[in-house]
Amino acid sequence: MKILHITPFYEPHLGGVETHVGALNKELVRRGHEVLVLTVHHDASLPLQENKNGVEIIRIDTETKYYNKLSYKLTLWRQVARQSQLLLTANVIHAHDVYWWLIPLLPLFWSKIYLTFHGWEGKYPVSWQSKLARWMWSKLALKTIHVGDYIKEFYWDKPNAVIYGGVKTSNKQIQKKLKSKKLIEINAPDRTIQIVFVGRLEKENDLEKYLSLAKKLKSIFNIEITWVGDGSYKYKCQKVGRVTGMVKNVTPYLAKADLVWAASYLSILEAQALGKIICAFYSHPLKQRYLETYPGSKLMLVGSNVEEMSQQILKLLSSPKILDQYSKNTQKWAGQQTWSKVANVYEKLWGIK
């Protein structure tokens, strides 16, 4: 089957949607599908068209900046229109958030468009304009997927399927390291506890709370914190730890961590697959439901209060056997959440299975 994904960005651009679509495509190619991607030409050093890992990538040059929204949309629509033959020959067109790209040519291929909503706009409460737009796009698509069960509680559309992403479970070297890892001895002399935060260093990811927690824990234990990400809170984070900037492969950082602070499903899943305990904050009902409706949330520390979170961490770290059992249960559960399962959901949605 010829499957065309339409996504705002694609690898080597870094981001959750890019990781999701890239991992999904590898599985689809492995299953024998012809896979194509239509995306923005975000980096002038990249070719406008190339085949990478069996995926044909077509990049469109918008020629204008996004902040001029009307000009950007008109230019993008013209570029999409030039790809009409590609759209017409695809058996499945799957848009990731950006259904609006297809509006000018909608009458030509509306009967084969599917849609995935990957998250929310980062502002709470959700505006009625955002709710209306999603409802309208979902009505124009054949079927939809939500990345997270929380979405239907805050928007007006209902999905045909809910997913959370997947993990890679074939890294034998990491698994070997985990098996040989000793339990944390919290009272051992000179013991340094390694904490890793993964995500954008922005207010919407509750950075103020994580920074407060970092300072509180540092006053009690010998702790090293690595902030894997970038954003406006970079300099504040540097005062209590090391900031790496955006990183393509976070696995080496996660593998060395005793605790992980994570803000997105994919980061949480990858850390849990390595047997890590996740600490996650929320500051409003949407983020609370985002975390609590995640199937692996019972194996995490989730809360809104810095003091309560610190007490939970202290209790867990002071009980090495309990921590070890948490770790094993977490790894077992997350290891079952594969990209093969995610691909099954997409194929079923498209009527392949």
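Just wondering, is there one or more residues in region 257-265 that are among the β-branched types (Val, Ile, Thr) and at pLDDT 95 or above?
Within region 257-265, one or more residues are among the β-branched types (Val, Ile, Thr) and at pLDDT 95 or above.
Mind checking which residues of region 219-247 are within 26 Å of LEU299 (Cα to Cα) and not small (Gly, Ala, Ser)?
ILE220, PHE221, ASN222, ILE223, GLU224, ILE225, THR226, TRP227, VAL228, VAL247
Each row is one residue, and each column tells you yes or no for (1) within 18 Å of ALA90 (Cβ to Cβ); (2) in the same structural domain as LEU115 (by TED's automatic domain parsing); (3) not in a strand (DSSP E or B).
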site	(1), (2), (3)
THR19	no, yes, yes
GLY22	no, yes, yes
ASN25	yes, yes, yes
GLY32	yes, yes, yes
THR39	yes, yes, no
SER45	no, yes, yes
GLU56	yes, yes, no
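Considering only residues that are among the polar types (S, T, N, Q), out of contact with any Lys or Arg (no Cβ under 6 Å at 6 or more places or on another chain) and not in a loop (DSSP other than H, G, I, E, B), look in region 222-269 and name the one that is surrounded by the most Cβ atoms within 10 Å (Cβ to Cβ).
That would be SER267.
Name the single residue that is farthest from LEU349 (Cα to Cα) among those in region 1-41 being acidic (Asp, Glu) and surrounded by 18 or more Cβ atoms within 10 Å (Cβ to Cβ).
Among them, the one singled out is GLU11.
Condition test on LYS158, is it assigned to a helix (DSSP H, G or I) and not assigned by TED's automatic domain parsing to the domain that holds GLN288?
no
Would you confirm whether any residue within region 281-300 is in a loop (DSSP other than H, G, I, E, B), surrounded by 23 or more Cβ atoms within 10 Å (Cβ to Cβ) and in the same structural domain as ASN329 (by TED's automatic domain parsing)?
no
Select the helices (runs of 4 or more DSSP H) contained entirely in region 61-135, then report the ones holding at least 3 residues which are of a type outside the set (A, V, I, L, M).
It comes to 69-81, 84-89.
The values are calculated or read from the model by the stated rules, or taken from the named source; none is laboratory data. Worth saying up front: this structure is predicted, and the values here are computed from it rather than measured. Neighbour counts are summed over all protein chains in view; Cβ atoms, including those assigned to glycine, are modelled from backbone coordinates with ideal geometry.
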